[in-house]
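The values are calculated or read from the model by the stated rules, or taken from the named source; none is laboratory data. Note that this is a predicted model, so its numbers are computed, not measured. Here the Cβ positions follow ideal geometry from the backbone for every residue, glycine too, while neighbour counts run over all protein chains shown. Ligands, DNA and RNA are stripped out before the accessible areas are found, and what is left, the full protein with its side chains, is counted by its heavy atoms. Shrake-Rupley method; radii C 1.70, N 1.55, O 1.52, S 1.80 Å.
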Amino acid sequence: MSDCIFCKIQLGQIPAKKIAESELAFAIADISPQAPVHALVIPKKHVASLNEMGAEDRETILPDLFALADRIATEKGIRAQGYRTVINNQLDAGQTVFHLHLHVLGGAKLKGGFGA
Ligand code: 5GP
Ligand code: ZN
């Protein structure tokens, strides 16, 4: 999608620190990290949010995102100690970039606080 930050990053039109890649996804370091490790795992296909996922994407892309998150956690040495995965879906959840992405946060004891 031409006006999407993450599509532009994928195409190399906006710089970002690439961390890892799989068949269906790539991962970058978040520009404003909320933890010592804060990766964004992003499907290569432009899907705006969870709400726009079709059944097939749900069965292929979502497992790929979590598999890549597992690999990143291993490579960053945070897997055993633990990490948090978050997908913000739509405005009430705080989604600001409308290209689906999985946050992977770790490397420290994370604060709680999910609800309203
Ligand atoms: P959301 O709020 O949509 O769940 O998360 C969007 C995330 O993308 C935020 O954590 C924000 O810091 C990150 N972000 C926004 N623009 C850029 C960018 O240009 N590069 C990188 N690496 N991260 C970005
Ligand atoms: Zn996009």
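Got a sec? What order do M1, M53 fall in by accessible area at 1.4 Å, biggest, i.e. largest, first? Walk me through the numbers before you get to the answer.
Working: M1 135, M53 10 Å².
The ordering from most to least exposed comes out as M1, M53.
Only helical DSSP H runs with n ≥ 4 go in: add -39500 (n - 2.57) per run for the chain, normalise by residue count and round the 222 nm mean residue ellipticity to 500 deg cm²/dmol. Can you show the working numbers first?
Details: 2 runs with 28 residues, N = 116.
Computed mean residue ellipticity for the chain: -8000 deg cm²/dmol.
Name the residue, out of V104, V41, V86, whose mean-square fluctuation peaks in a Gaussian network model built on the chain with Cα pairs under 10 Å.
V86
With a 1.4 Å probe and every protein chain left in place, tell me how much accessible area E75 has, in Å² to the nearest 10.
In the full protein context, E75 sits at about 120 Å².
Under a Cβ-Cβ cut-off of 15 Å, what is the net charge of the residues other than T96 that fall near it, where Lys and Arg count +1 and Asp and Glu count -1?
Values: positive: none; negative: D3, D30, D92.
Around T96, the charge tally is -3.
To test your reading of the geometry: what angle, between 0 and 90 degrees and rounded to tens, separates the Cα axis of helix 55-76 from the longest principal axis of the chain?
Compared with the principal axis, the helix lies near 40 degrees.
Accessible area per residue, 1.4 Å probe, Å², for the chain: what's the number?
Working: 6990 Å² over 116 residues.
Using a 1.4 Å probe on heavy atoms only, each residue of the chain averages 60 Å².
Are there trypsin sites (Lys or Arg not before Pro) in the range 1-87 that DSSP marks as loop and that have at most 11 other Cβ atoms within 10 Å, and which are they?
Working: sites: K8, K17, K18, K44, K45, R58, R71, K76, R79, R84; in loops: K17, K44, K45, R79.
The qualifying sites are K17.
Mind giving me the nanometre distance, one decimal, between the label points for T96 and E56, set 7 Å out from Cα along Cα→Cβ?
In this crude spin-label approximation the distance works out to 3.4 nm.
Can you give the local net charge around I14? Use residues other than it whose beta-carbon is closer than 13 angstrom to its beta-carbon, Lys and Arg +1, Asp and Glu -1. If you can, show how the numbers build up before the last one.
On the way: positive: K8, K17, K18; negative: D3.
The answer is +2.
What's the tally of Lys pairs in the chain whose alpha-carbon atoms lie under 15 angstrom apart, where the two lysines are 8 or more places apart or on different chains? Can you show the working numbers first?
Working: K8/K17; K8/K18; K8/K44; K8/K45; K17/K76; K18/K44; K18/K76.
Here the count comes out as 7.
Choose one answer from H99, H46, H38: the residue with the largest mean-square fluctuation in a GNM of the chain with alpha-carbon springs under 10 Å.
H46
Between A48 and Q34, what is 0.36 nm times their sequence separation minus the Cα-Cα distance? Round to one decimal in nm. If you can, show how the numbers build up before the last one.
On the way: separation 14, 0.36 × 14 = 5.04 nm, distance 2.25 nm.
This chain segment gains 2.8 nm when fully extended.
Local charge sum around M53 (other residues, Cβ-Cβ under 13 Å, Lys/Arg +1, Asp/Glu -1)? Write down the numbers at each step before the final one.
Numbers: positive: K45, R58; negative: E52, E56, D57, E59, D64.
Neighbourhood net charge equals -3.
Please work out how much accessible surface F66 shows to a 1.4 Å probe, ignoring ligands, DNA and RNA, in Å² rounded to 10.
100
Viscosity 0.692 mPa s, temperature 37 °C: what is the translational diffusion coefficient of the range 1-96 from Stokes-Einstein with a Kirkwood Rh over Cα pairs, rounded to a whole number of µm²/s?
On the way: Rh = 14.2 Å.
Rounded to a whole number, D works out at 232 µm²/s.
Which order do you get for S22, S49, S2, S32 if you rank them by accessible area with a 1.4 Å probe, largest at the top?
S2, S32, S22, S49
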